[in-house]
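Working notes, beginning with the structure itself.
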Amino acid sequence: MAEKTENRISYVVKEWVIPILTALLLAFLINTFVVFRIEVPTGSMIPTINVDDKIFVRKVYNKDQFERGDILVFRSKELFTEDGKEMLLIKRLIGLPGDVVELKEGILYVNGYLVEEPYVVKQRSFTGTFTVPEDHLLFFGDNRKTSNDARYWQQPYIHEDQVIGKGGLRILPLEDFGFLK
């Protein structure tokens with residue numbers, strides 16, 4: 001009888017406990033070091049990303065590989081959640097360190113060259129110039145008409161260390177499933 005109970009316990013441990021603990025450990029490690037999930041609360045990136053989209057974002061460790069046009073997730077030192085934590089924002093990278101970014105009536109120029117932005121559909125006639133400091137980045141939303149982005153922040157430049165992820169894979173809604181562009 002004791003041997004039967006021992007076999008049953010051994011079976012439960014091997015077939016249930018170990019696989020469940022392994023899956024939980026693996027999920028924790030992936031979420032900590034590889035990817036994390038965000039839910040987009042605003043329409044600042046429409047049409048690329050819509051309100052309530054759920055996206056898996058790849059964590060970034062090499063800040064030297066950012067390219068103009070990347071969609072990045074970063075911690076805002078300007079905006080805070082209701083409980084006082086830095087808000088996570090997802091925006092498009094417009095300016096790299098040393099760039100001179102100009103908006104002339106909403107038309108984008110970087111270092112004197114016109115930049116085509118097929119992802120921007122709602123424009124606002126904004127005019128301004130930004131010179132991106134070393135180790136900093138400049139971000140705008142794709143929905144320029146409503147996006148609260150660097151054009152309106154007191155401190156428009158985000159330090160590279162504040163960037164935590166590169167967008168990613170939209171998982172919901174299912175009809176929009178796929179990688180962000």
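Listed values, structure above:
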| quantity | calculated |
| --- | --- |
| Subset of region 84-126 [under 13 Å from Arg68 (Cβ atoms), assigned to a loop (DSSP other than H, G, I, E, B) and under 21 Å from the mean Cα position of the chain (by Cα)] | Leu96, Pro97, Glu117, Tyr119 |
| Among residues of region 108-126, those that are of a type in the set (Val, Ile, Thr) and touching a strand residue (DSSP E or B) at 6+ places or on another chain (Cβ under 7 Å), counted | 2 |
| Selection from region 26-44 of residues that are within 11 Å of the chain's Cα centre (by Cα) and either open to solvent by 70 Å² or more (accessible area, probe 1.4 Å) or under 25 Å from Ser147 (Cα atoms) (or both) | Phe36, Arg37, Ile38, Glu39, Val40 |
| Residue tally, condition free of Cβ contacts under 8 Å to residues at least 40 places away in the same chain and within 14 Å of Gln123 (Cβ to Cβ), over region 84-108 | 5 |
| Top-ranked residue of region 61-83 - restricted to ones that are of a type in the set (Phe, Trp, Tyr) and open to solvent by less than 60 Å² (accessible area, probe 1.4 Å), ranked as nearest to the chain's Cα centre (by Cα) | Phe74 |
| Residue satisfying all of: in region 127-166; in a strand (DSSP E or B) and open to solvent by 20 Å² or more (accessible area, probe 1.4 Å); nearest to Gly98 (Cα to Cα) among these | Thr131 |
| Among (1) farther than 20 Å from Gln162 by Cα; (2) assigned to a strand (DSSP E or B); (3) open to solvent by 80 Å² or more (accessible area, probe 1.4 Å), the one test that Arg58 misses | (1) |
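The values are calculated or read from the model by the stated rules, or taken from the named source; none is laboratory data. Not measured: the values here are computed from a predicted model. No Cβ is skipped: glycine too gets one built from the backbone with ideal geometry, and neighbour counts run over all protein chains shown. Remember, those area values only see protein heavy atoms, side chains included, never the ligands or the DNA or RNA. Shrake-Rupley method; radii C 1.70, N 1.55, O 1.52, S 1.80 Å.
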